[in-house]
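Computed from the coordinates by the stated procedures, all read-outs in this text should not be read as laboratory data. What you are looking at is a predicted structure, and each value in this text was computed from that prediction instead of being measured. Positions of Cβ are backbone-derived with ideal geometry, glycine not excepted, and every protein chain shown enters the neighbour counts.
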Amino acid sequence: MLQFLAEAVALTLIGALFGMALGMGIGQFLDRLGLLQILFSWKIFFHSLLASGAIGIVFGLKPARQAAGLLSSADIRGLRQKKGLSQQALADALEVGIASIKRWESGTIQSKSMDTLLRTLLDEHPCDAHTGHRDFSIPRIRLVLDTFAKHLGRPLLKKDDRMLYAAKYLWYADMVAFRDLGRSMTGATYAALPMGPQLNNYRDLVDEILQADPRSAEPLASAEVAIIAAIARIFPSNKAVFDAAHRETIWQRCATGAMIPYTEAARLAELAKAGACD
């Protein structure tokens, strides 16, 4: 994206230099004919370059956003209004300041991770078979993983983590909650990847999860805590949950990269074999 924007600025500056050179050339020709007197000003020269650079930035923002696959300011504003959210409500949901929302809707380019969160929260149908009939909540993901850590006696989240094992515990918790309680715990979506069921867009979400405040999440119900405790009991090690997830037919039958629908939760087999959460 920055490369695209830099190219737009470079093109406008080249155009400005070419235009000034052409103007000076024509001016010098007319001056020699005695038709026009040309006076060169460095101040005007640099002001022209600054103006051209500004034009490149302004008109390069939208195509740069599109090239990077990011929501445009108009997209963000339109989706927010369609959801009936105020700028403050959206800021609260994302746990950012309202100034950030105003900047994004005014043209400032958001980060890739924030764009992922915006898409998740502003999706036209956020509560469906892929989210387990719950709004997506990063603080609740952090809360669920912290609760797993207490029952397992070890942390699941680490900096620069790929969530190779944490995502499996999270997947089981969400799926079982949907099956037994009618909706997931976190509203997360899961993709069928070669490494097993994985939190969708996990690369963009890991840092956000690490920085999230679990105290801001909706507290876990006693039934949800019981599900987490049962999963931690049956899968006490990372290898156990990793291997079990790979044996689940609902992951095996999905094409690589496809979303795993919560409606398949009734087909979970590994927990049933162990007599847990059944």
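Summary table
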{"read-out": "Extended-chain gain in nm, criterion 0.36 nm per residue less alpha-carbon gap, residue 108 and residue 150", "value": "11.1 nm"}
{"read-out": "Out-of-range pairs (alpha-carbon distance over 23 Å; input 83/168; 102/158; 168/273)", "value": "83/168; 102/158"}
{"read-out": "For the range 66-105, projected area of the alpha-carbon convex hull averaged over all directions, nm²", "value": "2.8"}
{"read-out": "Proximal charge balance of residue 264 [Cβ under 10 Å; K/R count +1, D/E count -1]", "value": "+2"}
{"read-out": "Kirkwood-Stokes translational diffusion coefficient of the range 138-274, alpha-carbon pairs, 37 °C, 0.692 mPa s, µm²/s", "value": "223"}
{"read-out": "In Hz, Karplus ³J(HN,Hα) per residue of the range 229-242 (6.51, -1.76, 1.60; θ = phi - 60°; x = Gly, Pro)", "value": "4, 5, 5, 5, 5, 7, 10, x, 10, 4, 4, 5, 6, 5"}
{"read-out": "For peptides 138-146, 175-183, 227-235, 79-87, sequence by mean Cβ density within 10 Å, most packed first", "value": "138-146, 227-235, 175-183, 79-87"}
{"read-out": "Convex hull of Cα atoms in the range 206-278, direction-averaged projection (nm²)", "value": "6.5"}
